Amino acid sequence: REGDRSGRNDFQRGGVAARFPAGREAVYPAANTVVKNQTPDISISLAGEPSLEPKQMEMRVSGFGLVNARYDAKEKILKWTPSRPLRLSPVTVQVRWKNPAVNMWQTATWQFGIEEQEMHFTPRNIVK
């Protein structure tokens, strides 16, 4: 299947189902938005997944690679906050989790931007 009415592209390849941008999962920052904060909380809600194993989840963020995201089992949210400013825009986030019901990895990928003026490191109190 190449696409559906929602405009997202679903495909399966090598036992992985992927959606670009993230499909039904709520993500933050939202896909294709621009944020001012260079260290935003990055999260995905996996509330639509019936059963999950925290050890079978991973989040990758451009410029950081595999990150140490934390899973809140009660809220079913996987979340990570950068320890240093994001310096590249757009930021690509990829989250993978294994769906034990079908023994298959699921992937959600999305991008967001950082406001350009926030990416430059110029002193704001320059004396002229």
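Please treat every number below as a calculation from the coordinates, not as lab data. What you see is a predicted model, and the numbers here were worked out from it, not measured in a lab.
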When only alpha-carbon atoms count, how far does the stretch 42-119 stretch along each of its three principal axes, as whole angstroms with the largest first? 45, 22, 19
Straight-line reach from Lys55: which lysines fall under 30 Å, measuring Cα to Cα and dropping same-chain residues less than 8 apart? Lys74, Lys76, Lys79, Lys98
